[in-house]
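Participant: Have a look at this one before I ask anything.
Nothing in this text is a laboratory measurement; each read-out follows from the coordinates by a stated rule. As the structure is a prediction and not an experimental result, all values here were calculated from the model. Using ideal geometry, Cβ is built from the backbone for each residue, glycine included, and neighbour counts are taken over all protein chains shown.
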Amino acid sequence: MDPSAQRRFTAVDYAIFGVLLAGSVCIGVYYALSGGRQRTTQEFLLADRSMHCLPVSLSLIASFQSAVTIIGVPAEVYTHGTQYWFIGCAYVLGLLIPVHVFIPVFYRLRLSTAYEYLELRFSKAVRICGTVTFIFQMVVYMGVCVYTPAFALNKVTGFELWGTVLATGLACTVYTTMGGLKAVIWTDVFQTVVMFAGQLAVIVVGIHQTGGVSEVWSKVWQGNRISGLDLNPDPTERHTFWTLGVGGVFLMLSLYGVNQAQVQRYLSARTEKAAVRSCYMVFPCLQVALALSCVMGLVMFARYCGENHSDKLGGTSGDAMVLYFVMDMLQGLPGLPGLFVACLFSAALSSISSAFNSLATVTMEDLIKPQFPAMTEARATLLSKVLAVFYGLVCLVMAYVTHLMDDSVLQVALKIFGMMGGPLLGLFCLGMFFPWANSVGAMAGLAAGLVMSFWVGIGSIVTRGAGSGPLAPNCTAPLLPGNTTTVTAMVFGNATLVTLKPTGLRRFYSVSYMWYSGLNCITVLLVGLFVSFLTGPMKQRDVTPGTMYPLFENLQQKLCRREHPGHRARAQEEAPEHPKEGNGVLTPLEETSSDTPSLQYDTTL
């Protein structure tokens, strides 16, 4: 039976899918009626800073592991092989740097939003510009997150597409508005379990129906889908070790270092130690999630040997091919189609709810409260909930815009984060590592980074520089170089393949989307530092205490410990009686308690 002909859920499927939606809403209702009942902005937006590391870590995973990843990664592996798997190397530095750099600075400043830091370090204007950039980034990304599972449910069950989009947005808006950040985090925990269960079910059934693990391995090996270490330094290659392992670090830093949706979870932790532990716990879970998605793509290839059946679902992309595979594997198994659709919706709901909550937070704390400092707590909380509803409606509009795009959902999502997250990452790095960077330089750097991002991003869309060539549908056929963003001409009659490298400006537009974050971040740093020197670098004594990462001071302390005791005594005798003024750099003195690892700081030299 053609799986595309079976487009109806059984009663068990409906029950499983219904349990997901009902469970998510019930968690929101519970936190709306318990605790402080979401009557303060501190509780609604930051969960009273009372969360433990386990729920925070699972929420961090769920926020990143969206429906885009669950559908997009298997489609990528099915089409181009396992080269994308090397992005797991970027998870190391992409999580270690936030643990030891961004989390300590943000947590010890007791911020409400990440962009409050920008005002402390630079000025209110820089804070507003950073907030607006983040809002634009997340509003666009929400459209992708809402549309992807709705498209899946439409293809699998025949449900009306836009009715599904509306149901998804409304369900997510209800529990986010009622339960605040606590509801968002605990629904993320529930939805993370559903995500892993859904993917695992598809993989197990797929391996069984394909003939076992040995058969799957034999086909993917013969079909050349097991990619080796590609060290090609060409930046126009879509996926190599350098684009994924190095360019991916900048992408991960923009997500886990300075993105408000993630920073808000760090700030909701009970202690700094809990925030740090939650980030460490994310690493193995993200590796497992990546492995499941890649293995699912390999099982797909073993089943169909590269053939494209997506047209039977009314689509042409690899994303639709993933849904065809799911329908083929799970038809006749009551409950499993419902479990996979619940898996997709779990991923979507977690990402969307995180976006709603973070957008409401930055809008309230960064844009509205500074203008109305006398606003009562009750009115501020009510307005925060109204903002969450407003952004829920905005995401429905953006879902329609996503419908008009023709790229892979994975590539669209990562382009968005690279184009907007890269300049924000550069802005925070400018503030934390360069004490002489001033407000004018920060504004100029952010503007230059955004201009660069839109120039390259729009140029790649217009010239279609990120296109990929088709692959031969044969388990024994070699993998054609569709991984290269080039103009390709194929003559199948005599099996000739002519590859023409783009030149000039087209080559610049053909740079891999995985480099967007790094390119835009470096642009912000270079322009920001240059303009800061032209307009008069900031003096260290003028930098707000606590806003600089103590990199150079830590190195200086280590060198001082190696000095001869006589040299140290002589230096103390020659030191002036009065210490210099604070220079805005954190100098650790001692831990306040064994439970709370936050440090007291001496801001004098």
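Participant: If you project the alpha carbons of the range 225-270 onto the principal axes, what extent comes out on each, in Å, largest first?
Facilitator: 44, 21, 12
Participant: A further question follows. With a point put 7 Å past each Cα toward its Cβ, work out how far LEU231 is from LEU200 in nm, to one decimal.
Facilitator: Reported label-point gap for LEU231 and LEU200 is 3.8 nm.
Participant: Ranked highest first by average number of other Cβ atoms within 10 Å, how do 286-294, 191-199 line up?
Facilitator: Details: 286-294: 18.9, 191-199: 22.2.
The densest-packed peptide leads the list: 191-199, 286-294.
Participant: Ranking request for peptides 95-104, 10-19, 351-360: highest mean number of other beta-carbon atoms within 10 Å first, then the rest in descending order. Kindly include the intermediate steps, with their values, before the conclusion.
Facilitator: Numbers: 95-104: 20.0, 10-19: 16.0, 351-360: 28.7.
Those peptides, ordered most packed to least, come out 351-360, 95-104, 10-19.
Participant: Now for a different question. So what is the diffusion coefficient of the range 237-303 in µm² per second by Stokes-Einstein at 37 °C and 0.692 mPa s, using a Kirkwood Rh over Cα pairs? Write out the running numbers ahead of the final one.
Facilitator: On the way: Rh = 14.2 Å.
Value of D from the Cα-based Kirkwood radius: 232 µm²/s.
Participant: What are the residues whose amide H is under 5 Å from the amide H of MET548, where those residues sit 5 or more places off or on another chain and H is modelled from the backbone?
Facilitator: LEU586
Participant: In addition: Can you tell me, using C-alpha contacts under 8 Å and at least 6 residues apart, the relative contact order of the range 159-292 as a whole percent? Mind showing how you got there, number by number?
Facilitator: On the way: 36 pairs, mean separation 17.6, N = 134.
Value for the range 159-292: 13 percent.
Participant: Given R₀ = 45 Å, FRET efficiency for ILE128-TYR30 by Cβ-Cβ distance, to 0.05? Walk me through the intermediate numbers first.
Facilitator: Numbers: r = 36 Å, r/R0 = 0.80.
Computed FRET efficiency for ILE128 and TYR30 comes out at 0.80.
Participant: Sticking with this structure for a sec: Which residues' amide hydrogens lie under 5 Å from the amide hydrogen of THR10, considering only partners 5 or more residues apart or on another chain, with H built in the peptide plane?
Facilitator: Those qualifying (amide H under 5 Å, at least 5 residues apart or on another chain) are GLY335.
Participant: Further question on the same structure: Give, to the nearest whole percent, the P(r) tail of the range 100-141 beyond 16 angstrom, counting all Cα pairs.
Facilitator: Values: 360 of 861 pairs.
Across the range 100-141, Cα pairs with separations above 16 Å total 42 percent.
Participant: How do 374-387, 136-149 rank on mean C-beta neighbours within 10 Å, highest first? Can you show the working numbers first?
Facilitator: Details: 374-387: 14.7, 136-149: 24.8.
Per-residue mean Cβ counts within 10 Å order the peptides as 136-149, 374-387.
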